[in-house]
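Trainee: This is the structure, below, for whatever I ask next.
Values in this text are rule-based calculations from the coordinates and carry no lab data. Every value quoted in this text rests on a predicted model; they were computed, and no experiment measured them. Heads up, the Cβs are rebuilt from the backbone with ideal geometry, glycines too, and the neighbour counts pull from every protein chain shown.
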């Protein structure tokens, strides 16, 4: 009958997540006058009644983006909201509404869903966002969460990925790599637990790292801070896949190059300690770890005095002309091309990563 | 460790889909001034810059909402868009943008996704909607499609479920029950095919029914027609779960009762023939079949002359006071309470139904 005779000629893995989306959506054209920006930024941008409105969506799949073996459902609900709000903040905008769709297998009872929703509720409360709709359905296996967030521009208008210019400074909020190491710690404890179920993990020394993984926050405060300081970034993106991958997105969208200084990348001391414990190179973790949900943005050099010395912000490099490409300047002052080692859900095993 | 110790005290099945959503979201409050209408209608309603904006989302899960054994991927993509647009039209609004999120297992190759996206593309073209974003990720099993649609109010403002008044006329577009019988026919052919793979199905006599199931259309034309006729419905909903269930939603939201006349329910001759073949009662199919994606609405009796005789619209009853309840007036003029026999994804086996 209609059975799909899928020739499986091309595997999804070979294209990667970005390549796949690009390939599948290349035929789509923007026709509505209300659409300002389509696929390719942290959020789409529309204009309704003269007001800029952002729209973004993220889907989290059990066994791909999260493992319930070490992810409490309440934290999962919270994080599922946060990853979407982070995309709105990455447009320098304020999230206002969201919808939540769930597919759940019969392995979940009502109490489990109540836990998940408690996390969603707390995130919505914390960020002041209304949950205005959704869909709850059964699934044949596992849990799938699809959240869509809407936001509006505040006093300062929307910031896209495409506005960076040569000589702009490259700035990042917070510190990087902690969420990835938090995941490694949770996985290690899970392995120990499998061998010895009596094992009581002492996660106290790693509490910062574990919290960055399980209950990340979106940088609402940075958007507020920038408005306060009177700084409008020229381009912005959130760090979900890893610093190197996000820098390359900014460079591509803005058609510029960049010089990133390895020694400037902000790292938390517990992150450095844990990286050593796992025998990992700190810069590699910071560049490729992902899930930090910090904001990465570029500002005009004229705005430097306004952000100088702010403990929440670190200048990690500057943009260059396109021909110079994206370069990592190592601690030994060597220049090497920056390569994306961000996450690809079609390649890696079940983890705790979001797009 | 953090393994969810789910006591499974309450099964999701016992609550049903509507009860579950209501239970899980009862704590959510609307706080943003831009939110006009939250959970509980076909779409949420916001106001940005003085313009009403609708937001709706639907998740379709393989093995629950569709069976790829008889659903071509291109049709699935088309239908996934249509079910969302139908929710926007049910607000008397015009869809403008949508996002598409997919979770796909490695059983799907690129060519399969291209087929799915071809359907999405055709639907977006046909309805004049921009695809502005989405997410594509891997899944551990099966295919999950989550689509979110946004729409704006046209010349006539948004219509909610809650505005029906006693004496308003109850009107439906098109005819009912055909999609459900189309599904029965596809399933029957699939069973025959399993026994005899050489079997060549002759679906020609059932083409209308099969098309209603596999490639439904959203009633964009009805929203246009109503504007042309100068009719603003007092309440509106789309028929995704079955006529009786949708009428009860209108009655509950509007706090009214209704009298539905069985003999007035519009039926296509091929639907009547197929119902007889399957030994099913035509009215039961029309009342509970679902997936017709027709529009059900109420109008002031004063507007009756404007719609009288229109071949696209049928008056099937009228609203009454709340105390009278929702009544079905049978062909033998007996009055019986109307009961919801709509679809519940937590109760029924894999089908082809959407919420």
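Trainee: Quick check: residue separation of residue B:312 and residue B:165 times 0.36 nm, minus the Cα distance between them. What number comes out in nm?
Mentor: 50.6 nm
Trainee: Once the Cα gyration tensor of segment A:234-287 is found, what semi-axes does its equivalent ellipsoid get, as square roots of 5 times the eigenvalues, in whole Å, sorted largest first?
Mentor: Taking √(5λ) for each eigenvalue gives 25, 10, 9 Å, largest first.
Trainee: I would also like to ask the following. How high is the FRET efficiency between residue A:321 and residue B:22 when r is their beta carbon distance and R₀ equals 41 Å, given to the nearest 0.05?
Mentor: Step by step, r from the Cβ atoms, then E = 0.10.
Trainee: Also: Report, in cubic angstrom per residue, the convex hull volume of the C-alpha atoms of the protein assembly as shown.
Mentor: Dividing the Cα hull volume of the protein assembly as shown by its residue count gives 164 Å³.
Trainee: What's the exposure ranking of B:246, B:189, going from fewest to most Cβ atoms within 10 Å?
Mentor: Ranking B:246, B:189 by Cβ neighbours within 10 Å, fewest first, gives B:189, B:246.
Trainee: Something else now. For segment B:87-134, build the convex hull from the C-alpha positions and give me its volume per residue in Å³.
Mentor: 83
Trainee: Which chain A residue sits with its beta carbon nearest the axis carrying A onto B, and how many Å away is it, rounded to a whole number?
Mentor: A:49, 1
Trainee: Could you tell me, in Å, what Rg and Dmax come out for the Cα atoms of segment B:169-308?
Mentor: Radius of gyration, then largest Cα-Cα span, for segment B:169-308: 17.0, 58 Å.
Trainee: Can you compute the helix-only [θ] at 222 nm over the protein assembly as shown? Use -39500 (n - 2.57) per DSSP H run of at least 4 residues, normalise by all residues, nearest 500 deg cm²/dmol.
Mentor: -10000 deg cm²/dmol
Trainee: While we're here: Which three extents, in angstrom, do the Cα atoms of segment A:15-75 have along their principal axes, listed largest first?
Mentor: 47, 31, 12
Trainee: For segment B:14-153, report the translational diffusion coefficient in µm²/s to the nearest whole number, using Stokes-Einstein at 10 °C, 1.306 mPa s, and a Kirkwood Rh over Cα pairs.
Mentor: Roughly 98 µm²/s, to the nearest whole number.
Trainee: Here's another thing I want to ask about it. At 7 Å along Cα-to-Cβ for each site, give me the label-to-label distance between residue B:199 and residue A:280 in nm.
Mentor: Those two pseudo-labels are separated by 5.5 nm.
Trainee: Can you pull the one-decimal nm distance between simple spin-label points at residue A:255 and residue B:11, each 7 Å off the Cα toward Cβ?
Mentor: According to this spin-label approximation, the distance is 6.1 nm.
Trainee: What is the Cα radius of gyration of segment A:283-338 over 2.2 N^0.38 Å, N being its residue count?
Mentor: 1.30
Trainee: Could you work out the Kirkwood radius for segment B:110-195, taking every pair of different alpha carbons, averaging 1/r and inverting it, reported in Å?
Mentor: 18.2
Trainee: Shortest first and in nm with one decimal, please list how far the residue B:202 label point sits from its counterparts in the other copies (point 7 Å along Cα→Cβ).
Mentor: 8.0
Trainee: Now a separate question. When a footprinting reagent is the concern and you count Cβ atoms within 10 Å, what order do B:299, B:272 take, fewest first?
Mentor: Ascending number of Cβ neighbours within 10 Å: B:272, B:299.
Trainee: A follow-up question, please. Binning every alpha carbon pair distance of segment B:258-319 at 5 Å from zero, what are the percents per bin?
Mentor: Reading upward from the zero bin: 4, 13, 24, 26, 15, 11, 5, 2, 0.
Trainee: At residue A:252, label 7 Å along Cα→Cβ: distances to the other copies, nm, ascending?
Mentor: Going from nearest to farthest copy, the values are 4.6 nm.
Trainee: A further question on this structure: For segment A:37-104, I need the span (max minus min coordinate) of the C-alpha atoms along each principal axis, in Å, sorted largest to smallest.
Mentor: Principal axes ranked by extent give 46, 21, 21 Å for the Cα atoms.
Trainee: I need the Kirkwood Rh of chain A: take the reciprocal of the average 1/r across all distinct C-alpha pairs and report it in angstrom.
Mentor: Taking every pair of different Cα atoms in chain A, averaging 1/r and inverting gives 21.2 Å.
Trainee: Right, next: Arrange B:333, B:245, B:139 by Cβ neighbour counts within 10 Å, fewest through most, would you?
Mentor: Going from sparsest to densest Cβ surroundings: B:333, B:245, B:139.
Trainee: Label position 7 Å from Cα toward Cβ: report the copy-to-copy distances for residue B:308 in nm, one decimal, ordered from shortest.
Mentor: 8.1
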